Structures are given as structure tokens and as C-alpha cells.
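Read through the structure below, which is laid out as C-alpha cells, and then see the notes.
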Amino acid sequence: MTMIRLYDTHAHLADAAFEHDLETVLETARQKGVEAVVAVAEDLDDSRRNLVLAGSFSMVRPAAGLYPAILDLAQAEDMLSFIRQNRTTLVAIAEVGLDFWLAKTEQEQAQQIEILTAFIDLAIELDLPLNVHSRSAGAATIDLLMRRNARKVQLHAFDGKASKAAAGVEAGFFFSVPPSIVRSRQKQKLVRSLPLECLLLETDSPVLGPVPNQRNEPALITVALETLAEIKALPMIELARIIARNTERLYGPSLLNGPSHS
């Protein structure tokens, strides 16, 4: 059987859910065809942990970011400095974004926008991809990304309508699909409208798995691929090749070979 190349472009490997068996989890994913996993972060501790994991496991690609629930400008400044210091090791700024489900007030939303703007500008400066969270804020997130001229963008587990995603598609942004698509009508409907050229795969491990309230892991990315193949009426191998090319277009050789340490 021809081995397919899969990339999990968004997983929380520093999460406590993987504290005791990450080596086994990654080996299981490798056996399913996963060549690399982008380890995203929610804070500075996660970001540091991701660097350690990347040093221990050859398939881990480290990212650093600040989850939009954190509205502390001092923490944002520390994260911006950390990303600059580790530019040659990181493959993405992740995860960052807006979350209007969490930020209810205008002041909170304005703080999220201010912090995300700083990360967008840094991504452009350092030529790093942005791996973006946009829960209940899809239109606002895409609008901000476009206004700041963001170029390398992945919208992770986008929860908006297809009409809201259209501007992102036109801007050349990518949309990553988790295994929860198998049980999400919203994601199924969204994917039907998205062109093949903008699709990526992710797991968002340990959440957004095919079964609610069960730990998700990178090997289950095959569930997302299978569901996408059914929706797009394509053989899995052909779709996997298209998505691999998309992933390489966004992340470049750093995802294939690991980032430079020069």
C-alpha cells in the first residue's frame, strides 16, 4: 500500500493529556503516515515545552503563541520577545487570534485585537506563518488579517459560515480541518464550499476528536482525511497529496526537514 504523507498542523502536545505517553502517541501517528506535527502553544510555558519536545522527537515542529483568553499585555510582550529570540527554531506563531465567545465586552475584544495585531505584524516581519484561532469571531479575524496585510495564514478549526470564509479564501488563507468534522454539520458545510487549494489537516489534540469527550491525538487525523475525501468525492491518496502540497506551500521546507538552527 502506498504510504500517504500527512501533516498535523495544529496539536497541543505540551498538554497534560500527553504527559505520560507522548512517545507512543507520536509513534502511532507515524505509523498512520503522519510525518510532522506542529505543536502549538497557549502561553510561554507551552512554548518553552514545545522547544524541548522538538529536541526530543524528530517529527515535532515547535510553535509559540498566546491563546486569546490571555489579555495581559505584559505576557504578550514576553511572547513577542520569545518568538524573536527563537525565530530560527519556530515554524509558526501559534496559536493566536480572536475569541468573541470568551471576550464579551468591547474592551476585552479591543484588547484581543491589539494583541493579535502585534502578532500579525511580527509574523510579517519574521516571515512566519500565523496559525489563527477565531471562535465566534471569524469575520473580524479575517478582516483584521487582511487590513494588516497578513500573508501566511492558517485559520484553525474555523467555526464561521462559508460566506464569512470567502474573503479568507480570496486572500489566499488556508483552513485546517480537525477530526470533529465527522460529527460537525457546520464544518461539513464549510468544507463543501472551500476549494481544495486552501485545505489543511489538523487534530487540535487533545480536543476536537471524532468522539466527544475522548482524548484526540495526531493519529486520528486520518478521520479528518477520510471525511474530507467523502465530501470532496476524491480518493484519499489524491486528496492527501493535494493537502500535503498545500501544507508545504504555507510552511515551506521547515515542516518537511525541521527548522534551521543556524
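The values are calculated or read from the model by the stated rules, or taken from the named source; none is laboratory data. No experiment lies behind these values; they were computed from the predicted model shown. Reconstructed Cβ throughout: ideal geometry from the backbone, glycine too, with neighbour counts over all protein chains shown.
Within the stretch 145-163, being modelled with pLDDT under 95 and buried (at least 18 other Cβ atoms within 10 Å of the Cβ) holds for one residue alone: G160. If the condition is being out of contact with any strand residue (DSSP E or B) (no Cβ under 6 Å at 6 or more places or on another chain), within 20 Å of D204 (Cα to Cα) and touching a residue at least 40 places away in the same chain (Cβ under 8 Å), then the stretch 71-109 contributes L98, F100.
Hey, does the stretch 198-209 have a residue that's surrounded by fewer than 21 Cβ atoms within 10 Å (Cβ to Cβ), modelled with pLDDT of 95 or more and farther than 22 Å from A94 by Cβ? No - not one qualifying residue is present in the stretch 198-209. Assess whether I83 counts as being under 17 Å from L130 (Cα atoms) and either in contact with a Cys (Cβ under 8 Å, 6 or more places away or on another chain) or at pLDDT 95 or above (or both). Judged against the criteria, I83 is a match. Taking first residues from the stretch 110-125 that are free of Cβ contacts under 8 Å to residues at least 12 places away in the same chain and partners that are in a helix (DSSP H, G or I) and exposed (fewer than 14 other Cβ atoms within 10 Å of the Cβ), the Cβ contacts under 9 Å between residues at least 6 apart in sequence or on separate chains come to E125/R84.
In the stretch 148-179, how many are in contact with a helix residue (DSSP H, G or I) (Cβ under 7 Å, 6 or more places away or on another chain) and within 16 Å of T227 (Cα to Cα)? Qualifying residue count, the stretch 148-179: 4.
Can you tell me which residue within the stretch 196-220, out of those that are among the small types (G, A, S) and touching a Ser or Thr at 6+ places or on another chain (Cβ under 9 Å), is farthest from L6 (Cα to Cα)? Once the filter is applied, the top-ranked residue is G209.
Within the stretch 181-240, if we keep just the residues that are of a type in the set (G, A, S) and part of a helix (DSSP H, G or I), the residue that is nearest to A41 (Cα to Cα) turns out to be A219.
In the stretch 21-39, is there at least one residue being without any contact (Cβ under 8 Å) to a residue 12 or more places away in the chain and over 29 Å from R245 (Cα atoms)? For the stretch 21-39, residues without any contact (Cβ under 8 Å) to a residue 12 or more places away in the chain and over 29 Å from R245 (Cα atoms): present.
Contact annotation: residue pairs with Cβ atoms under 9 Å, 6 or more positions apart or on different chains, pairing a residue in the stretch 229-241 that is more than 15 Å from G33 (Cβ to Cβ) with a partner that is charged (D, E, K, R), are I231/R192; K232/R192. Restricting the stretch 202-220 to residues that are small (G, A, S) and touching a residue at least 40 places away in the same chain (Cβ under 8 Å) leaves a set whose member that is farthest from S184 (Cα to Cα) is A219. Filtering the stretch 127-175 to residues that are closer than 23 Å to I242 by Cα and in a helix (DSSP H, G or I) leaves A162, A165, A166, A167, G168, V169, E170.
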